[in-house]
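Structure, as structure tokens:
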Amino acid sequence: IDGSKTLAFAQLEKNSRYDLFDVTTTAKKKGDGWIIDGEKFVVLNGENADTLVVTARTKGDRRDKTGIGVFLVPANAKGVTKKSYPTQEGLHAADITFTGVEVGSDAAIGNPDDSLALIERVVDEARVALCAEAVGLMDGSLKTTVEYIKMRKQFGVAIGSFQALQHRASDMFVVTEQARSMSMFATMAGDFEDARERSNAIAAAKVQIGKSAKFVGQQSIQLHGGIGMTMEGKIGHYFKRLTMIENTLGDTDYHQRRVADAGGLI
């Protein structure tokens with residue numbers, strides 16, 4: 001809690017897209033411990049974390065939903081190599097390669113042959129947190145944009161007096177409130193005992209968050225005009241973060257397919 005020990009979740013692989021069960025990184029038994037081989041990509045805070053939380057396959061084929069474990073790997077372990085870089089919104093991530101990395105028997109979290117349900121629950125909780133962050137960003141974007149159009153003058157008057165721009169701001173408010181409601185719903189859904197019900201509810205929330213974020217972000221940039229595209233204008237940074245959230249742990253299209261497959265309607 002005090003930051004003296006930091007962790008990073010190494011889950012995403014080159015061809016896995018958003019499917020948590022698509023795992024090619026392997027963990028093979030060696031005595032009482034494990035040997036981990038594979039690659040993970042876009043590991044947030046992967047450069048600086050003390051410990052990596054790694055998903056790895058202990059048995060089965062690449063897309064089997066069983067045979068997946070979760071392992072704690074020291075970031076400075078022999079065989080761990082990293083390539084770090086900044087992400088679009090200013091955070092940092094790393095691509096990490098594991099080559100014959102040896103860990104002890106205590107490295108496995110839960111059942112090393114059947115931890116997909118654990119992974120799904122943790123990722124759902126992360127999606128809930130992302131939804132809440134996105135609502136805060138949309139709220140900030142709306143307030144910043146309204147303040148700007150009240151101050152920015154064209155043809156001798158504030159552009160906020162133009163009815164067309166008032167309508168845009170009203171639409172931004174509506175979709176932000178829709179996102180807020182769905183974020184609250186996702187927060188409640190995080191406590192659902194039924195994993196399928198929880199997953200479907202949070203997927204639906206992520207769909208609305210993605211749609212609202214895109215609309216609010218684009219409208220904010222449009223209403224700011226050229227200044228919205230500059231590094232000095234904070235609205236562009238809000239939009240970058242909203243765009244990254246929409247693409248993190250499943251984008252809008254991915255979650256919309258999940259909701260549709262579950263029999264829901266968006």
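Assorted remarks:
- All positions within the range 220-235 that are buried (at least 18 other Cβ atoms within 10 Å of the Cβ) and assigned to a helix (DSSP H, G or I): Ser220, Ile221, Leu223, His224, Gly228, Ile235
- Checked against the criterion of being without any contact (Cβ under 8 Å) to a residue 12 or more places away in the chain and either under 21 Å from the mean Cα position of the chain (by Cα) or under 20 Å from Arg121 (Cβ atoms) (or both), the range 20-35 has no qualifying residue.
- Filtering Arg152, Arg57, Arg127 for residues that are modelled with pLDDT under 95 and surrounded by 15 or more Cβ atoms within 10 Å (Cβ to Cβ) leaves a single hit, Arg152.
- Pairs with Cβ under 7 Å, 6+ apart, first in the range 200-225 and among the charged types (D, E, K, R), second assigned to a helix (DSSP H, G or I): Lys206/Arg127; Lys206/Cys131; Lys206/His255; Lys211/Thr252; Lys214/Glu246
- Residue match in the range 202-211 (condition: in the same structural domain as Thr248 (by TED's automatic domain parsing) and modelled with pLDDT under 95): no
Yes/no per residue for (1) part of a strand (DSSP E or B); (2) outside the structural domain of Lys78 (by TED's automatic domain parsing); (3) within 12 Å of Ala56 (Cβ to Cβ); (4) in contact with a Cys (Cβ under 8 Å, 6 or more places away or on another chain):
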residue	(1), (2), (3), (4)
Ile1	no, yes, no, no
Glu13	no, no, yes, no
Ser16	no, no, no, no
Thr24	no, no, yes, no
Ala27	yes, no, yes, no
Gly38	yes, no, yes, no
Val42	yes, no, no, no
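- Hits in the range 52-67 (condition: under 15 Å from Gly110 (Cα atoms) and in a loop (DSSP other than H, G, I, E, B)): Thr58, Thr66, Gly67
- Of the residues Lys82, Lys78, Lys143, Lys150, the single one that is basic (Lys, Arg), part of a helix (DSSP H, G or I) and farther than 29 Å from His255 by Cβ is Lys150.
- Whether a residue is more than 30 Å from Lys150 (Cβ to Cβ) and either of a type in the set (A, V, I, L, M, F, W, C) or surrounded by 18 or more Cβ atoms within 10 Å (Cβ to Cβ) (or both) was assessed, and Ala203 passes this test.
- Among residues of the range 18-34, those that are of a type in the set (Val, Ile, Thr) and crowded, with 18+ Cβ neighbours inside 10 Å, counted: 2
- Matching entry among Gly210, Gly217 (being farther than 29 Å from Ser161 by Cβ and buried (at least 20 other Cβ atoms within 10 Å of the Cβ)): Gly210
- Residue that is in contact with a helix residue (DSSP H, G or I) (Cβ under 7 Å, 6 or more places away or on another chain) and either part of a helix (DSSP H, G or I) or small (Gly, Ala, Ser) (or both), where the choices are Asp124, Asp106: Asp124
The values are calculated or read from the model by the stated rules, or taken from the named source; none is laboratory data. For clarity, every value in this text was computed on a predicted model and none was experimentally measured. FYI the Cβ positions are ideal-geometry reconstructions off the backbone, even for glycines, and counts take in every protein chain you see.
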